[in-house]
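In what follows, a structure is listed as structure tokens, so that the remarks can point back to it.
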Amino acid sequence: MNQKRGVLLVLATAVISGFSIFINKFSVSEIEPSVFTFLKNIAVAVFLFSVLLLAKEWPSLKNISGKQWAQLTAIGLVGGSVPFLLFFNGLALTSAAMGSFIHKTLFIYASVFAFFLLKEKINWKISLAAGLLLAGNLFLLNLKAFTFGKGEALIFIAALLWGFENVLSKHALKELSGNVVAFGRMFFGSLFILLYLAFTGKLGIISTLSSANILWVLLTSVLLLLFVTTYYNGLKWIKVSTATSILLLGSPITALLSFAFGNTLITLNQAMGIFLILAGVLSAIFLVEFSDKRNLPYYTFKPS
């Protein structure tokens, strides 16, 4: 039952991600990305703190040990701050298609980290899912040429960090709730980005934002709140490899929304990409996840 609930929650995360990416295209492209990320992170951290109070999880937050606070700080560093800065700087140096493709390979690095640190299996089943997902993204993004310069390297490092953060979060979720882990990621992530903004002299940009900018920040923060609460509560019950694979379903959803509400038509290549990604996600769920009935939250955090 918990396993099914975990899959459903991460499926909800993927749907939210698809809508969020689509909406972000119309929002605050004029806001400096690191400032935008900081404002969203701190807003979500405040929302989550309120959720913890309303859900009566405050005692669990008060009783967190020093080791657990260190875990949450690490999650904020490698998941909620540094990779965002690397990603946005890298995206400015490469094409959107190339940057997106590298980012979409995150599930591979997460699966490798989970293999060594959480004893998750890597076999033909997950290889099949990975092959379908990679092929699907190649078709969907219409990537015609591969390049690997400074921009691509920055995005690759960001994807590695996000992959490792999933393993750190999975370990923390053995003893902490999904809401607490999400709060730690957003709160400490926002603090690290705040230090970056202060160091680079970008903190003053916040005072120049218009009311329209602030409204868009609040709107996208609500979507981000839904994203992190569903994802970390779902990740608690399923494999890292499955969870990160399911997230790739967000790309076809964004493409379909662009087709439904925009002037863009879905090409044959994109249709093939959507089909392959859907097949890859279904493979990850039914061949990889539901073929293993172990109680996942009790994985040990050590190399196999």
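The values are calculated or read from the model by the stated rules, or taken from the named source; none is laboratory data. Bear in mind the structure is a predicted one, so any value in this text is a computation, not a measurement. Virtual Cβ from ideal backbone geometry, glycine too; neighbours counted across all protein chains shown.
Tabulated values for the structure
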| read-out | value |
| --- | --- |
| Restricting segment 48-84 to residues that are farther than 19 Å from LEU173 by Cβ and crowded, with 20+ Cβ neighbours inside 10 Å, the residue that is modelled with the lowest pLDDT | PHE84 |
| Test for SER207: is it out of contact with any Phe, Trp or Tyr (no Cβ under 6 Å at 6 or more places or on another chain), surrounded by fewer than 20 Cβ atoms within 10 Å (Cβ to Cβ) and free of Cβ contacts under 8 Å to residues at least 24 places away in the same chain | yes |
| Within segment 114-154, tally of residues that are crowded, with 19+ Cβ neighbours inside 10 Å, of a type in the set (Gly, Ala, Ser) and assigned to a loop (DSSP other than H, G, I, E, B) | 0 |
| Any hit, segment 90-101, residues being touching a residue at least 60 places away in the same chain (Cβ under 8 Å), over 26 Å from THR242 (Cβ atoms) and surrounded by fewer than 17 Cβ atoms within 10 Å (Cβ to Cβ) | yes |
| Residue among ILE246, ILE205 that is within 18 Å of ALA14 (Cα to Cα), β-branched (Val, Ile, Thr), in a helix (DSSP H, G or I) and out of contact with any Gly (no Cβ under 8 Å at 6 or more places or on another chain) | ILE246 |
| So LEU93, is it hydrophobic (A, V, I, L, M, F, W, C) and part of a helix (DSSP H, G or I) | no |
| Some residue of segment 65-84 being in contact with a Gly (Cβ under 9 Å, 6 or more places away or on another chain), assigned to a loop (DSSP other than H, G, I, E, B) and farther than 18 Å from VAL181 by Cα | no |
| Out of TRP237, TRP216, sole residue that is over 29 Å from LEU86 (Cβ atoms) and aromatic (Phe, Trp, Tyr) | TRP237 |
| From LEU278, LEU225, LEU265, residue being touching a Gly at 6+ places or on another chain (Cβ under 9 Å) and of a type in the set (A, V, I, L, M) | LEU278 |
| Tabulated pairs, segment 20-46, first at pLDDT below 80 and of a type in the set (Gly, Ala, Ser), second surrounded by 19 or more Cβ atoms within 10 Å (Cβ to Cβ) and not in a loop (DSSP other than H, G, I, E, B), C-beta under 7 angstrom, 6+ apart or interchain | SER27/TRP216; SER27/THR220 |
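Residues are listed down the side, and each one gets a yes or a no for (1) at pLDDT below 95; (2) surrounded by 22 or more Cβ atoms within 10 Å (Cβ to Cβ); (3) of a type in the set (Lys, Arg):
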| position | (1), (2), (3) |
| --- | --- |
| LEU219 | yes, no, no |
| LEU226 | no, no, no |
| ASN233 | no, no, no |
| TRP237 | no, yes, no |
| SER258 | yes, no, no |
